[in-house]
Each structure stands twice: as structure tokens, then as C-alpha cells.
1. Scan the range 150-175 residue by residue and report those that are without any contact (Cβ under 8 Å) to a residue 60 or more places away in the chain, of a type in the set (Ser, Thr, Tyr) and within 16 Å of residue 94 (Cα to Cα).
2. Of all residues in the range 65-112 being of a type in the set (S, T, N, Q) and surrounded by fewer than 18 Cβ atoms within 10 Å (Cβ to Cβ), which is nearest to residue 15 (Cα to Cα)?
3. Which one of these is touching a residue at least 40 places away in the same chain (Cβ under 8 Å) and within 12 Å of the ligand (Cβ to nearest atom): 96, 81, 1, 32?
4. Among the residues of the range 36-51, how many are within 12 Å of the ligand (Cβ to nearest atom), exposed (fewer than 14 other Cβ atoms within 10 Å of the Cβ) and either modelled with pLDDT under 95 or at positive phi (or both)?
5. With the condition being in contact with a strand residue (DSSP E or B) (Cβ under 6 Å, 6 or more places away or on another chain) and closer than 19 Å to residue 73 by Cα, I'd like the helices (runs of 4 or more DSSP H) fully within the range 107-177 carrying at least 1 qualifying residues.
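The values are calculated or read from the model by the stated rules, or taken from the named source; none is laboratory data. Not measured: the values here are computed from a predicted model. Quick reminder, even Gly has a Cβ in these numbers, built from the backbone with ideal geometry, and neighbours come from all protein chains shown.
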Amino acid sequence: MRVAGIPFDETVIPLTDIEGENPQYMDISPVMRVPVLKDGELAVWESLAILEYLAERFPEARLWPADRKARAKARVVANEMHASFNALRGACPMNMRREPAPLDVSAAVLKDVARIEQMWTQCLAEFGGPYLFGPFSNADAMYAPVVNRLAIYQLSDHPAVQTYTNAMTALPAWEEWEEAGKAEPWVVPYDEV
Ligand SMILES: N[C@@H](CCC(=O)N[C@@H](CS)C(=O)NCC(=O)O)C(=O)O
């Protein structure tokens with residue numbers, strides 16, 4: 001939403017209750033997870049559902065590629081992010097504050113990284129960059145946390161990863177996001193790896 005210039009107010013809810021007992025969750029979503037998008041009385045949770053809702057609500061923002069085939073591919077990779085990479089997501093939590101340093105990871109994590117390298121290489125070659133499908137799209141929103149993970153745990157020196165990471169981290173919205181993360185006063189112990 002920041003990259004597309006869609007105005008919104010943000011409410012930060014600390015993820016410090018491991019069992020999800022933070023009472024603030026109860027008010028916003030029955031699944032007690034973030035993100036949740038509220039538009040008037042409507043609450044939409046699940047990141048992919050949020051992205052689809054935004055694409056319908058703000059068609060002029062072109063959050064999915066205009067071309068039908070490119071749009072299908074963008075949805076494929078966005079869904080792949082949502083449904084896969086469990087080893088990477090479990091072992092390497094996103095963390096804006098962590099100084100980049102290598103981490104010993106399992107073969108399963110390396111397999112996830114290899115698939116991401118392959119995907120980013122192919123997308124950048126086919127659509128010409130700087131983002132996965134040319135202009136910034138919902139697919140990039142889905143992979144932003146992966147950009148952070150690969151960088152802070154030094155999981156890849158693949159040229160496509162470097163190129164894409166440079167493009168993503170140069171976005172003013174990235175800088176804002178990073179600063180906001182670093183400014184959070186709390187620490188989530190189980191995410192400090
Ligand atoms: N499938 C959900 C996953 C949401 C999710 O797991 N959110 C995490 C943060 S990334 C969360 O709210 N954790 C809070 C907790 O476990 O207490 C989506 O894509 O939106």
C-alpha cells in the first residue's frame with residue numbers, strides 16, 4: 001500500500017504473546033494473526049486475500065500485472081510464497097534489527113533458497129525487472145520478508161538475489177519499513193535466531 005501510494009492508518013500490535021493471547025488480537029481477527037486490513041466495517045485477514053481485495057478496490061494502482069499471462073504467473077509465485085518455504089520460514093524469522101551474519105541451516109532450508117533463486121532469476125529475465133514482474137506488484141509484497149531473510153542470514157550470493165535485493169531495499173517504502181521495525185521497543189524472543 002505504501003509503494004502504491006494508497007493511504008492507510010497503521011496500528012502496530014506487538015507479537016509478544018506466544019500463545020496469541022494478546023487481547024488486542026481478539027478485537028481485530030478471529031484467527032488472532034496479523035496482518036488484518038480494515039475498510040470501514042469490513043475486516044480482511046490472510047495476506048493474499050488482502051492483496052486481492054486491494055487490487056479490486058484500487059484498480060488504478062495496478063497491483064497485479066496488466067497482462068493476463070503475467071498476472072497468472074504473479075499469482076502463482078504469490079501463492080507459492082503463501083503455501084511453501086516452510087523450512088525457511090520456520091528456521092529464519094524475518095528480523096529488521098539483526099545484523100547480517102551467516103546461519104547454519106538445514107538441507108530443507110537450502111532447498112527453499114534454491115527454488116527462490118530459480119524463481120527470481122526467471123522472473124527478472126522474463127519481465128526485465130527491477131521487480132519480479134517489471135513494475136512493483138503484489139508478488140513483490142509477498143516476497144519482501146524473504147528479501148530480508150536471505151540478507152540477514154546471508155543465505156544466497158546468487159546474482160539475481162543481489163539484484164532484486166538492491167531494487168527492493170532501495171524503495172523509500174522499504175526504508176520506512178526498516179526504520180519502523182528498528183524503532184519498535186520490544187523484542188520477540190522466539191524470533192531472535
Ligand atoms: N496465513 C497468514 C499468516 C499470518 C501470520 O502467521 N502472522 C503472524 C505474523 S507474520 C502472526 O500474526 N503471529 C502472531 C502470533 O502467532 O501470535 C497470512 O498470510 O496472513
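1. Those that are without any contact (Cβ under 8 Å) to a residue 60 or more places away in the chain, of a type in the set (Ser, Thr, Tyr) and within 16 Å of residue 94 (Cα to Cα): 156, 165, 169.
2. Result: 86.
3. Details: 96 fails: within 12 Å of the ligand (Cβ to nearest atom); 1 fails: within 12 Å of the ligand (Cβ to nearest atom); 32 fails: touching a residue at least 40 places away in the same chain (Cβ under 8 Å).
Exactly one of 96, 81, 1, 32 is touching a residue at least 40 places away in the same chain (Cβ under 8 Å) and within 12 Å of the ligand (Cβ to nearest atom), namely 81.
4. Residues that pass the stated criteria total 0.
5. On the way: elements: 107-127, 138-152, 159-169.
Here the list reads 107-127, 138-152.
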